Amino acid sequence: MRRLGGTEEQARIAWVLVGGRLDPSPLLGALPRPAVVVAADGGARHAALLGVRVDAWVGDFDSSAGVQVDAPREVHPAAKDETDAELAIRVARERGATELVLLGAFGGRFDHTLALALLAVRLTEREGLRVTLTSGNEWGWPLTPASPLSLDVPPGATLSVLAVSDLRGLSLGGVRWPLTEADIPLGSGWTVSNEAPGGPVTASLRGGHALLTVLPVLPD
């Protein structure tokens, strides 16, 4: 699944492998190749599926039993103020990443999944980073006033805009139920389970921040 426009070819892209689910999907093969790969603890197990070499392996290593990856380790204590995913993102940024793809972002512990999604929104809103979250068959992108989205969405996908604050002026195009300058309250179900006929989808905001998620229809 592609983001249309932008400057992917100019970005220094980091893949950050985190501890949630990662299912085989042809959409993963369309991702721009990374300049650096950082694994967060048990997320290193995704390297084999993705066919990538891990440049740095970070965490407290409490969830990587049986995982074997030939990569330098950065070991942290279990009692710490950041999750392993946060530590891995920090390493990726120290290595010059200007765009992040978080693989294994969905389907793990709910608290970790939600914290990672909110972190992605914060990194986009406050620091201007481009962030993609995926588990192969589920995708997400932060949506803020300064970071509108233009996506090439496969036919039949389910698309939701999750309001993680009150939203002002949400416009959504290329979907079955488009919106123009709509105000959406925090946590509203109004913008959940829209449908995409296929092709470009656009989303923009005048105020607030959200996570746009896509569930593609994948072949059996």
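Of the residues V69, V75, the single one that is β-branched (V, I, T), surrounded by fewer than 21 Cβ atoms within 10 Å (Cβ to Cβ) and out of contact with any strand residue (DSSP E or B) (no Cβ under 7 Å at 6 or more places or on another chain) is V75. In the stretch 101-124, is there at least one residue being in contact with a Ser or Thr (Cβ under 6 Å, 6 or more places away or on another chain), small (G, A, S) and within 15 Å of G208 (Cβ to Cβ)? Among the residues of the stretch 101-124, not one is in contact with a Ser or Thr (Cβ under 6 Å, 6 or more places away or on another chain), small (G, A, S) and within 15 Å of G208 (Cβ to Cβ), which makes the answer no. Scanning the stretch 1-52 for residues being among the hydrophobic types (A, V, I, L, M, F, W, C), surrounded by fewer than 21 Cβ atoms within 10 Å (Cβ to Cβ), assigned to a helix (DSSP H, G or I) and modelled with pLDDT of 90 or more gives a total of 5. Residues that are touching a helix residue (DSSP H, G or I) at 6+ places or on another chain (Cβ under 8 Å) and among the polar types (S, T, N, Q) were ranked within the stretch 138-157; the one that is nearest to L212 (Cα to Cα) is T144. The criterion of at least 2 residues that are of a type outside the set (V, I, T), under 21 Å from the mean Cα position of the chain (by Cα) and crowded, with 17+ Cβ neighbours inside 10 Å is met, among strands (runs of 3 or more DSSP E) falling completely within the stretch 158-220, by 167-173, 194-196, 199-204, 210-215. Looking for something touching a His at 6+ places or on another chain (Cβ under 8 Å), over 30 Å from A163 (Cβ atoms) and not polar (S, T, N, Q) - is there at least one such residue anywhere in the stretch 29-49? Yes, the conditions are met somewhere in the stretch 29-49. Look at the stretch 127-143: where a residue is closer than 19 Å to V217 by Cβ and in contact (Cβ under 8 Å) with a residue 24 or more places away in the chain and a partner is of a type in the set (S, T, Y) and in a loop (DSSP other than H, G, I, E, B), sitting 6+ places away or on another chain with Cβ atoms under 6 Å, you get G136/S25; N137/S25.
Selection of the stretch 140-182 for residues being of a type in the set (V, I, T) and in contact with a Leu (Cβ under 7 Å, 6 or more places away or on another chain) yields T144, V153, T158, V161, V164, V175. Taking the condition out of contact with any strand residue (DSSP E or B) (no Cβ under 6 Å at 6 or more places or on another chain) and either among the charged types (D, E, K, R) or on the phi > 0 side of the Ramachandran plot (or both), does G108 pass? Here the answer is no, as G108 does not meet what is asked.
Can you find a residue in the stretch 126-146 that is of a type in the set (D, E, K, R) and surrounded by 15 or more Cβ atoms within 10 Å (Cβ to Cβ)? Within the stretch 126-146, one or more residues are of a type in the set (D, E, K, R) and surrounded by 15 or more Cβ atoms within 10 Å (Cβ to Cβ).
Scanning the stretch 114-148 for residues being among the hydrophobic types (A, V, I, L, M, F, W, C) and either over 17 Å from A14 (Cα atoms) or in a helix (DSSP H, G or I) (or both) gives a total of 11. Inside the stretch 174-194, can you point out the residues that are touching a residue at least 12 places away in the same chain (Cβ under 8 Å) and either hydrophobic (A, V, I, L, M, F, W, C) or farther than 11 Å from L159 by Cβ (or both)? Matches in the stretch 174-194: V175, W177, L179, E181, A182, D183, I184, P185, L186, G187, S188, V192. Residues that are touching a Leu at 6+ places or on another chain (Cβ under 8 Å) and among the hydrophobic types (A, V, I, L, M, F, W, C) within the stretch 44-70 comprise A44, A47, L49, L50, V54, V58, listed in sequence order.
Contact annotation: residue pairs with Cβ atoms under 7 Å, 6 or more positions apart or on different chains, pairing a residue in the stretch 79-103 that is surrounded by fewer than 21 Cβ atoms within 10 Å (Cβ to Cβ) with a partner that is in a helix (DSSP H, G or I), are T83/H112; T83/A115; E86/L119.
The values are calculated or read from the model by the stated rules, or taken from the named source; none is laboratory data. Computed from a predicted structure; not experimentally measured. A quick note on method: Cβ atoms are made from the backbone with ideal geometry, for glycine too, and the neighbour counts reach across all protein chains shown.
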